[in-house]
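Here is the structure we will look at.
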Amino acid sequence: MTLLGMDNLTLTHIAAYIGGAAAMGLGAIGAATGEGFTASRASEAIARSQENAGDIIKNMLVGQAISESASIFSLVIAILLLFLEVSDPGMVKAASLLAAGVCMGFGAIGSGVGAGIPAGRSCLAIARQPAVSARITTNMLIGTAVCQTPAIFAMVVALILLFKPTGGLAAFPTWAALVGAGLSTGLAAIGSGYGGGMAAGASCEGVSRQPETTTAVTTTMLVGQAVAQTPSVFGLLISFILMFRSFPESTTLSASVGLLSAGLCMGLGGIGPGIGNGLTAEGAVRWVARRVDYSGDLMRIMLVGQAVSQSTAIYAMVVSLVLIFVV
Amino acid sequence: MAIEGADLIKAAALLGAGLSMGLGAIGPGVGEGMAAAKACEAIGRNPKEAGLLTRTMLVGQAVAESTGIYSLVIALLLLFVV
């Protein structure tokens, strides 16, 4: 099978280069935006409290370094795509490499922006309550680290797609399954990364307003973030099914489009619930800091609200599974 | 790879099903999250009314959910009926 008269090696190289460009181009969006937000809040914080400029700048740099990691993952994947020795060139390998780049590119957006939010709000928190700056920085580090998990999922999927042996696989519809696998985890990571960041931002503010509530605030943040990660876990699940299930050869268009659609459905469907769960966790964390005596009630309403918001991601997963296994 | 009319129609229906549910899930997810965030705020301000506020949140979320269910219905129609 040749496309536009190209030989297999040319096609595979073109796909790898476009994939590399997508990985780094899209992957730069999130980290840059997040770090810009952090720097803007740090400037505001220093304007309010010049005498704590040292602590604030240190906190800003640590937060930005974590926010940067999402785009460093993208850089690694892009460099691998540019210089990888391709042992089994062909249409399936080309699709696999393109999908790896797209997955990492989209997957870094949410985590980059998300990690910037707690980093920025912790700078303001230090300006408000310099006495607990160490506690605020620790809390920020936990929150930003959890924000990176969707980008790590995207990197795992991208690495599997990069190194997956493709010899002997039926070109149709496997190419579509692999592109779908990249889209599923990549797109679903956007909402989860951003949502986790909102929860962590509120917790930094909460620790500075009521330092004695740190334990309750951090616990609520972690529970809220964990629920906000689930859409990206669903995306990862659909990606794994699409990458590791062997599909029988079928040259019909509908067999290929069905698998591509499955990945697109779960990827897009994970964005909204991830952001929504983050909004809910942000509200709960903020009020746990103010009314710590009602933290149990707030945790309960947060989990009920998040469960309802999660339902549409579950519908998307059901439709994806039907597209893979039934039709 | 030869594309026949019936195959093209089936492919369009499958792509439509994925797009319908995928895009349709964004709005309800964000909207229901906002409702729940405000419910947390309301319980924080007035913890005695937790029962009433939970009920109000769930009714509001159920209405926001309806568009997600429409998307699911359209996706299932595209998959199994059309």
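Structure data summary
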item	result
Answer residue from segment B:58-71, given it is surrounded by fewer than 23 Cβ atoms within 10 Å (Cβ to Cβ) and not hydroxyl-bearing (Ser, Thr, Tyr) and is farthest from residue A:273 (Cα to Cα) among those	B:59
Any hit, segment A:62-77, residues being in contact with a Ser or Thr (Cβ under 8 Å, 6 or more places away or on another chain), closer than 14 Å to residue A:122 by Cβ, aliphatic (A, V, I, L, M) and part of a helix (DSSP H, G or I)	yes
Lone qualifier among A:110, A:168, A:116, A:180 - being free of Cβ contacts under 8 Å to residues at least 12 places away in the same chain and either assigned to a helix (DSSP H, G or I) or farther than 25 Å from residue A:57 by Cβ (or both)	A:168
Those residues of segment B:8-44 which are more than 7 Å from every other protein chain (Cβ to nearest Cβ) and touching a residue at least 40 places away in the same chain (Cβ under 8 Å), in sequence order	B:13, B:16, B:20, B:24
Looking only at segment B:45-57, and only at residues there that are at the interface with chain A (Cβ under 7 Å from one of its Cβ atoms) and surrounded by fewer than 22 Cβ atoms within 10 Å (Cβ to Cβ), the one that is farthest from residue A:314 (Cα to Cα)	B:47
Spans of helices (runs of 4 or more DSSP H) in segment A:211-327 with at least 3 residues β-branched (Val, Ile, Thr) and at the interface with chain B (Cβ under 8 Å from one of its Cβ atoms)	A:253-290, A:295-325
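Every number here is computed from the coordinates shown, using simple stated rules; none is lab data. Just so it is clear, the model here is predicted, and its values are computed rather than measured. Note that each Cβ is placed from the backbone with ideal geometry, even for glycine, and that neighbours are counted across all protein chains shown.
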